[in-house]
1. Can you compute the charge dipole magnitude of the stretch 196-319 about its Cα centre, using +1 on each Lys and Arg Cβ and -1 on each Asp and Glu Cβ, nothing else charged? Give it in debye, rounded to the nearest 20.
2. Evaluate the charge dipole of the chain about its Cα centre and quote only its size in Debye, nearest 20, assuming +1 on the Cβ of each Lys and Arg and -1 on the Cβ of each Asp and Glu.
3. Which lysines, if any, have their Cα less than 20 Å from the Cα of residue 99, not counting same-chain residues under 8 positions apart?
4. Each residue of the stretch 96-111 in turn: what ³J(HN,Hα) in whole Hz from Karplus with 6.51, -1.76, 1.60 and θ = phi - 60°, glycine and Pro shown as x?
5. Enter the Cα centre distance for the pair the stretch 26-84 and the stretch 265-301, rounded to the nearest angstrom.
6. Compute the acute angle (0 to 90°) between the alpha-carbon long axis of helix 251-260 and the principal axis of greatest extent of the alpha-carbon atoms of the chain; round to the nearest 10°.
7. So which of 80/130; 102/278; 80/245 end up more than 28 Å apart by C-alpha?
8. May I ask you to list the trypsin sites (Lys or Arg not before Pro) in the stretch 152-237 that are in a DSSP loop and have at most 14 other Cβ atoms within 10 Å of their Cβ?
Amino acid sequence: MRRLHRLRASAAHRELFSEARLSPAQLCLPLFVHERDDAVPIEALAGVSRWPVAQIAAQAKQARALGIRSVLVFGVPEAKSAGGTSAADPDGPAARAIKEIKDEVGDDLVVLADTCMCSYTDTGHCAIFKPSGTIDLSATLDALARAALTQAEAGADFVAPSDMMDGHVAAIRAALDQGGCGDTGIISYAAKYASAFYGPFREAAASAPTHGDRRGYQIDPGSRTQALASIQRDLEDGADAVIVKPGLPCLDVLSAASSRFDVPVWAYQVSGEYAMLKSGVIDERQATLESLTALHRGGAGVTITYAAMDVAAWLNDSR
Ligand code: PBG
């Protein structure tokens, strides 16, 4: 009989034979920025706040001090409209925050900008609609491309389109190249499912749809082939890396994507997953570390998580 217990005999054995060790550099911290002057805690996401632009660099520095190497900026604007035009406002909270962070931490942190319309449209949808009520794809791609160029000009290292519109990466790549931002990369949320686990985020980003849902453009949880096809298409169109989302419900997709494609594959541990870890009914620290280790074991190179600062501190503690 093969006695596998021999590999687990002590903490030293377990660490020695672990194949998925977490480090703070594998965590990406989401940061919400709004136009108010004060920080406002997000009720649905314990421990997460919307920050004013003036305080955002301090958050980024704190993350860096803990060993985190990337942040993902979400703008939460006051102005919403049918065309979501404030997404391309160089004076909007996202662009100003990106600039602040880059001015303060420079190349010490990789800054990603979430590129989507849902915080900027009056419908709360990731797309712009025709009067008939169907998605106006070319207007949406134009708006996304303008938003991405604004974020790149503000200094984002990568734009991260989370809209799930067909052709988004090609449209954004072309706009960045024509706009003189050829060095700005694209980390596409290519495999983004229509998930109930995004619930708490919609409060954070004030992006709940006013009608219908996102099932017409995000991937149905029953399909894996669509996720892989979406990743392949986005890579052909110029994505530098891809995100699988939500995290734990998509371990199979993460595993398939990381073995099939020779690009970095990231996971997003989304708001609902985070809320469950924070629920108080399981051990938060153990369960969070276990989830992140599982995502990493499943193929995630980096995981985007609201717990990034806590986890980095725990990892640093245990060294
Ligand atoms: C914007 C966006 C969403 C998330 C990241 N970017 C919400 C959505 O698609 O409804 C979800 C993040 C989370 O739940 O933590 N399109």
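The values are calculated or read from the model by the stated rules, or taken from the named source; none is laboratory data. None of these values were measured; they are calculated from a predicted model. Quick reminder, even Gly has a Cβ in these numbers, built from the backbone with ideal geometry, and neighbours come from all protein chains shown. Side chains included, ligands, DNA and RNA excluded: accessible areas come from the protein's heavy atoms. Shrake-Rupley method; radii C 1.70, N 1.55, O 1.52, S 1.80 Å.
1. The calculation lands at about 140 debye.
2. Working: 30 positive and 39 negative charges, 280 e Å.
Once rounded to the nearest 20, the dipole reads 1340 debye.
3. 61
4. 5, 5, 4, 5, 4, 4, 5, 4, 8, 10, x, 7, 6, 9, 8, 9
5. Answer, in whole Å: 20.
6. Taking the Cα atoms of the chain, the angle to 251-260 is about 80 degrees.
7. On the way: 80/130 17 Å; 102/278 31 Å; 80/245 26 Å.
Beyond 28 Å between Cα atoms: 102/278.
8. Answer in residue order: 215.
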